[in-house]
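Novice: Got a structure for you, questions after.
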Amino acid sequence: MDQATRKKYNYWQWRTLIILMIGYALFYFVRKNFSIAMPALNSELGLTKTQLGLFLTLNGVIYGLSRLVNGFLADRFSRKKMMALGLLLSAIVNIAIGFIPAVNSFFNVLDASGKATLGFVYILGSLWLINGYVQGMGYPPCSSLMAHWVKPSELATKQSIWNASHSIGAGLLALMIGAILGKFTNAAWQWCFWAPAILAIGGAAMIFFGLKDTPASVGLPSPEEMDGHKATVATGQEEDPEITKLAYSKFVKKLAVGNPIIWIIAAADFFVYVIRFTILDWGSTILVDFKNIDITLAASIIGACEIVGGILGMLFAGWATDKFFKSRAQRTSAICTILAVVCLAGFWLVKDIPWLFISLLVLSAFFIYGPQALLGIAASNQATKRAAATANGLVGIVAYLSPIVSGAVFGLLADSKWGWDGVFVAAIAMGIVGTVLLLLLWNKPADGYAKADELRKEVYAEYEQKKALNAFGK
């Protein structure tokens with residue numbers, strides 16, 4: 001391949017990666033703003049913690065279902081259009097939330113003291129459920145576009161770089177909302193939705209005009225060809241609508257829905273997410289209640305977990321996967337998961353040495369964010385670019401069942417006679433189960449492109465047979 005083609009490919013690959021990072025960070029701007037604004041909603045509008053918590057739970061469930069549905073759709077339709085539309089609709093929902101008080105003259109949403117009525121709760125809850133669905137239009141296109149633009153041998157490194165957009169988005173959003181409420185007080189809660197929405201609208205335009213769905217659309221070869229995989233179907237044949245239809249059905253069935261590797265990855269991801277949410281959702285409470293740490297310091301420690309774990313942990317895990325394990329993300333994930341469990345156990349058992357148990361908690365986050373990022377990459381590689389979004393939708397819906405355990409079940413455990421000790425025992429046991437599942441995949445190939453080549457041959461053979469039969473019938 002000539003130097004000019006390689007240069008053009010690198011330009012478009014990095015352009016796609018950067019736009020996806022900015023775009024997905026902006027998805028967080030109009031998704032995580034609700035969590036950060038909750039104290040203002042509580043103080044200004046009188047919304048109870050029970051109501052706010054219910055919004056978060058239902059939003060998470062709808063989000064998981066949306067990722068599954070849109071995972072199927074992203075493998076069939078324009079990924080850039082889906083992502084841009086999802087971000088635009090999320091921005092519109094956020095703008096609408098800020099205008100809820102304006103409908104008070106038509107519908108009683110505020111009482112005489114300016115607090116939220118049940119009508120306000122219903123409208124806000126409905127809008128946030130809608131937001132949960134349209135937010136699910138963000139991740140599937142990203143995973144699919146990465147698989148379409150990045151060589152399989154580099155996907156772990158490049159997608160780990162993209163995955164940092166989660167922490168970048170959450171961190172910048174927290175600073176922005178903190179600045180808004182710090183300057184204008186909680187009375188400015190509406191701008192916690194309007195300001196991120198304005199930025200998101202600009203991001204939707206950037207995604208729509210800046211991305212291309214495939215390298216072929218700009219005259220470039222596919223990333224697997226760049227990686228040495230030979231095409232088994234001649235140029236132009238795969239664009240035939242009949243072949244596209246046959247290929248989609250076979251690839252989704254064999255490489256995603258009917259692929260046992262994908263389901264093992266999904267099950268392992270469930271246990272990884274239990275560990276992740278235990279650290280991030282319960283971390284501050286555990287530090288205050290169990291370790292007697294001041295709430296201000298506890299919040300800073302969890303912030304360090306997000307920064308060190310969310311960015312450095314993912315980048316290190318992605319680099320190590322391509323550098324040492326020949327892109328076998330399941331191997332890195334298994335090692336990182338058991339190290340996270342060891343660090344979490346150390347955090348639990350160390351009592352009176354603050355610097356040590358704090359370091360162990362941060363290290364646990366560092367290690368668990370590796371598999372949190374890599375298992376989506378593993379699913380993309382195993383399903384190949386043909387079914388990457390579908391596979392990630394399946395993995396996502398299973399992973400987002402984990403808050404049932406890390407939230408409700410662990411909350412009940414913490415309040416029971418076993419207390420936080422019971423929570424740690426359960427979390428550690430689940431981390432071990434997740435590690436065992438990942439070890440089952442240790443010797444599996446790094447990707448499914450060899451299997452995909454065979455499937456392409458089958459598709460083309462079926463197509464030629466069908467053409468011959470049609471010709472004979474005429």
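Bear in mind these aren't lab numbers, they're just calculated from the coordinates by the rules spelled out. Owing to the predicted nature of the structure, the values given are computational and were not obtained by experimental measurement. Every residue, glycine as well, gets a Cβ built from its backbone with ideal geometry; the counts of neighbours run over all protein chains shown.
Novice: Could you tell me how many degrees, from 0 to 90 and to the nearest 10, lie between the Cα long axis of helix 79-98 and the main elongation axis, the longest principal axis, of the Cα atoms of the chain?
Specialist: So the helix axis and the longest Cα principal axis differ by about 20 degrees.
Novice: Here is a further query. Once you place label points 7 Å from the Cα toward the Cβ at N443 and A468, how far apart are they in nm?
Specialist: 3.9 nm
Novice: Extension gain D289-E458, at 0.36 nm per residue separation less the Cα-Cα distance, in nm?
Specialist: Numbers: separation 169, 0.36 × 169 = 60.84 nm, distance 5.99 nm.
Full extension of this stretch gives 54.8 nm more.
Novice: If you stretched the chain out fully between I404 and K351, how much longer would it get, using 0.36 nm times the residue separation minus the C-alpha to C-alpha distance?
Specialist: 16.2 nm
Novice: Let me ask something else. Relative contact order for the chain using alpha-carbon pairs under 8 Å, separation at least 6, rounded to a whole percent? Mind showing how you got there, number by number?
Specialist: Details: 738 pairs, mean separation 111.5, N = 474.
Reported relative contact order: 24 percent.
Novice: On C-alpha positions alone, give me the angle between the axis of helix 191-210 and the longest principal axis of the chain, in degrees, nearest 10.
Specialist: Helix 191-210 sits roughly 10 degrees off the main axis of the chain.
Novice: Given the options F29, S126, T57, identify the residue whose Cα lies farthest towards the positive end of the charge dipole of the stretch 3-223 (+1 on Cβ of Lys, Arg; -1 on Cβ of Asp, Glu).
Specialist: F29
Novice: Add +1 for every Lys or Arg and -1 for every Asp or Glu among the other residues with Cβ under 15 Å from the Cβ of A84, and state the total.
Specialist: Overall, the nearby charge balance is +3.
Novice: For S333, S416, S43, S284, which order do you get if you count the other beta carbons within 10 Å of each Cβ and list the fewest first?
Specialist: Ascending Cβ contact count within 10 Å gives the list S416, S43, S284, S333.
Novice: Give me the distance between the Cα centres of the stretch 1-20 and the stretch 88-157, rounded to whole Å.
Specialist: Going from one Cα centre to the other spans 33 Å.
Novice: Going down the list K326/K385; K326/K451; K323/K351; K151/K254, which pairs span over 28 Å between their C-alpha atoms? The partial results should precede the final answer.
Specialist: On the way: K326/K385 19 Å; K326/K451 18 Å; K323/K351 37 Å; K151/K254 21 Å.
Pairs exceeding 28 Å: K323/K351.
Novice: Shape call for the stretch 283-349 from the C-alpha gyration tensor, a ≥ b ≥ c root eigenvalues: rounded (a/c under 1.5), prolate (a/b greater than b/c) or oblate? Present the calculation step by step, with values, prior to reporting the outcome.
Specialist: Details: a/c = 4.97, a/b = 2.10, b/c = 2.36.
It is oblate, given that a/c is not under 1.5 and a/b is not larger than b/c.
Novice: I've got another one for you. Between the alpha-carbon centers of the stretch 412-431 and the stretch 173-219, tell me the distance in whole angstrom.
Specialist: Cα centroid to Cα centroid, the span is 38 Å.
Novice: Taking 22 Å as R0, compute the FRET efficiency from the Cβ-Cβ separation of R6 and K81 and round it to 0.05.
Specialist: On the way: r = 28 Å, r/R0 = 1.29.
Plugging the Cβ-Cβ distance into 1/(1 + (r/R0)^6) gives 0.20.
Novice: Round to the nearest 10 and give me the degree value, 0 to 90, for the angle of helix 118-135's Cα axis relative to the longest principal axis of the chain.
Specialist: So the inclination is approximately 30 degrees.
Novice: Let me ask something else about it. Using alpha carbon coordinates only, what is the Rg to Rh ratio of the chain, with Rh defined as the Kirkwood radius?
Specialist: On the way: Rg = 23.5 Å, Rh = 23.5 Å.
Looking at the chain, the ratio lands at 1.00.
Novice: Oh, and also: Among C343, C142, which comes first, then next, by fewest other beta-carbon atoms within 10 Å? All intermediate terms of the calculation are to be shown ahead of the outcome.
Specialist: Numbers: C343 22, C142 28.
Least to most surrounded, the residues fall as C343, C142.
Novice: Let me have the 222 nm mean residue ellipticity of the chain computed from DSSP H runs of 4+ only, each contributing -39500 (n - 2.57), with the sum over all residues rounded to the nearest 500. Don't skip to the answer; put the middle values down first.
Specialist: Details: 19 runs with 349 residues, N = 474.
After summing the helix terms and dividing by residue count, I get -25000 deg cm²/dmol.
Novice: Another question about this same structure. Note down the magnitude of the dipole of the stretch 3-223 about its Cα centre, charges +1 on Lys and Arg C-beta and -1 on Asp and Glu C-beta and zero elsewhere, to the nearest 20 debye. Please report the intermediate quantities before stating the final value.
Specialist: Values: 17 positive and 5 negative charges, 165 e Å.
The dipole magnitude comes to about 800 debye.
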